[in-house]
Structures are given as C-alpha cells and as structure tokens.
Amino acid sequence: MRAMTARAADELTIEFAGEAFTVEPDAVFTVGREGDLAIDDNLFLHRHFLTIENIDGLWLLSNVGSRLSATVTDAGGRVQAWLAPGARLPLVFAATAVIFSAGPTTYELTINVSEPAFRETQTFGDDDGLSTIGDVPLTHSQRVMILALAEPVIRREGTGMSELPTSAQAAERLGWTLTRFNRKLDNVCDKLDRIGVPGLRGGVSSYATNRRVRLVEHAIAARLVTRDDLPLLDQERNASLEED
C-alpha cells in the first residue's frame, strides 16, 4: 500500500499516528497486528481486525475479527455505531473516526473519503454545543471520573494509541479513594446502559478492563468529555486534597 499522494476523486485515505495511507478502489485495506496498517504488536489485537474496500462504488468498513468491536462515529460526534465482529458499515461521511480497544490500549484512526455519499445539512435553532448522542446528563463527579480515564486519549495529539489508566491510577489522579471511584464508575455505566450504549454491563466477558475501555470509547466518540474539560481534573484533585 503506497503512502498518501494527490488524492483522486474515488480514493480513500486513512490517518493513524501521524501517517497517512491511500486506498485504491480495487484494493482491500487491512488493519490489525499485521496487514496494510500494522498498528501495534499487541497480542490482544487481532492479526486482521478491520478491512476497508470499495464495492459497487461504496466504501465499506468491515470487522473481520472474532472478539473485538469498534466504535465508529462521524467527525462531529453526531452519529455513532458499534461495529461488532462480522458487522459491516458504509463509510458515508467525509471523515469517520474509528475507536477501538485491545487489552488496556485504545486506538483511534480517521478515514477520509473525498466524495462522501452523505452531505452535512444546515441546522437551525439554538446550538448549545451538545450533540444528540452526547446529550447525557452527567454530574460533576461523573464527568471528572470519565475524564480521569480518558485523559491519555484526550491529551494525545491526533490519532494513534493510548494506554488507559487503571481504576486505582484514575482514582489517585482525582485524589479519591478507589471505593468512591468504582461507585461513580458503576453509576455512569448503569446510566449509559439504560440509554442503550452496548458493552458496559452484563455478560461473562464484561471484565473491569473491558468496561473502562468501552466507556472511554463511547465518551470520546460521543464528546461526553473534551480537551476543554481537562482543567477539571486538577481542580477536583486540589479540592479533594483540601478536604483531607
């Protein structure tokens, strides 16, 4: 697969960790531990996880793995889908973010289509900066709990990979006890589960690590927390230390 050059009208480009790749319409691009985009030597990651190909003029993203899922969202965070093993989605936006986790590591890549099937429409009325999928009421403590987990991903410049903190590390970042942190984590996961966010609750595969990384995937994709929220972390830690 060649590095990015001048983009043709029917080409697609992928950006990851400061690199860009062009996918030709007659090629199948593979993402995983091996393939056209070999993103990491992470044994939790499938050798072949995602494929991108053009079928009858439409770009398709497929999950060819057996265990991992990916969160797929448009650049504005207004539309979000969970791409489970065996699932396939059309890439209809000009820019699509793909976020997924393997073990404790979260990855993000951006797919750009020069001739997208979907064109953004103008919106009217009041704009409070909240997207539909991101419009979830969170208390201050719930928001900073998510921030503590998502901080490495948010601080990262551009797409790439980030190692998520453990619950104990995130609790220490906030100046909280681990018991308090886990209670807030339970509350947020329950709240999001009730509105239909998958992967946060239930089932024998819902280990603590899986729940944390799935929460971060959703929070980043849905813009529940952003870079502008990061000062809240130091404010919360200072307030907690003063209480002690």
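The values are calculated or read from the model by the stated rules, or taken from the named source; none is laboratory data. Note that the coordinates shown come from a computational prediction; the quantities given were computed from them, not determined experimentally. Glycine also receives a Cβ, built like all others from the backbone with ideal geometry; neighbour counts cover every protein chain displayed. We work out accessible area using only protein heavy atoms, side chains counted, and drop any ligands, DNA or RNA first. Shrake-Rupley method; radii C 1.70, N 1.55, O 1.52, S 1.80 Å.
Conditions (1) open to solvent by less than 10 Å² (accessible area, probe 1.4 Å); (2) free of Cβ contacts under 8 Å to residues at least 60 places away in the same chain; (3) in contact with a His (Cβ under 7 Å, 6 or more places away or on another chain); (4) over 17 Å from ASP228 (Cβ atoms), marked per residue:
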{"position": "GLU151", "(1), (2), (3), (4)": "no, no, no, no"}
{"position": "PRO165", "(1), (2), (3), (4)": "no, yes, no, yes"}
{"position": "GLN169", "(1), (2), (3), (4)": "no, yes, no, yes"}
{"position": "GLY175", "(1), (2), (3), (4)": "no, no, no, yes"}
{"position": "THR179", "(1), (2), (3), (4)": "no, yes, no, yes"}
Are any residues in segment 39-71 among the hydrophobic types (A, V, I, L, M, F, W, C) and more than 21 Å from PRO104 (Cβ to Cβ), and if so, which ones?
-> ILE52, ILE55, LEU58, TRP59, LEU60, LEU61, VAL64
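Keeping to segment 210-244, report how many residues are part of a helix (DSSP H, G or I), within 28 Å of ALA102 (Cβ to Cβ) and open to solvent by 50 Å² or more (accessible area, probe 1.4 Å).
The qualifying residues number 3.
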Scan segment 97-114 and report the pairs whose first residue is of a type in the set (Asp, Glu) and whose second residue is open to solvent by 10 Å² or more (accessible area, probe 1.4 Å) and at pLDDT below 90, with Cβ atoms within less than 6 Å and a gap of 6+ or a chain change.
-> GLU108/THR159
Looking at (1) assigned to a helix (DSSP H, G or I); (2) small (Gly, Ala, Ser); (3) at pLDDT below 90, can you tell me which one SER162 breaks?
-> (1)
